[in-house]
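Taken together, the values in this text are just the output of simple stated rules run on the coordinates, not laboratory data. Since we're looking at a predicted model, the values are computed, not measured.
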Amino acid sequence: MKPRDAALRLKRFEVSEKARTVVSMESMIGDFERMANDLARQIAAEEERTGIRDTSHFAYSTFAKAASLRRRNLLNSVADLRAKGMNVTENLDKAKFQAVLAPVYADFAKRFGQANIDRIKNYR
């Protein structure tokens, strides 16, 4: 195996690993938001069941308190991930994405050859 092939395989692996990490984190944000929404519904149902909505009331539901704390923690985690630059992209504009990556592909073409880059892009 040529050193260039090894470097290309390494870069391919690194890119795919980063892509998996991004997808995993986007999925995690979506899951956290869904869980927070489910908890909000459960809290509302519990408050409806007990008839007590005041969280400082002595008879406020222990389940509702715990669910509210869990919901707040989930939303804080989502806010923290978003503050660090993580966003869930629902509809990706592929042309815009490729335009932003054009300098990266140009650099890779110089380093690894355009034919190799085309082989990677067209791999199925």
### Message
Using only DSSP helix segments of four residues or longer, with each worth -39500 (n - 2.57), what per-residue ellipticity at 222 nm results for the chain after dividing by its residue count and rounding to 500?
### Response
-27500 deg cm²/dmol
### Task
Taking every Cα atom in the chain, find the radius of gyration and the maximum pairwise distance Dmax, and write them in Å.
23.5, 73
### Query
To the nearest 10 degrees, how steeply does helix 94-112 sit against the main Cα axis of the chain, on a 0 to 90 scale?
40 degrees
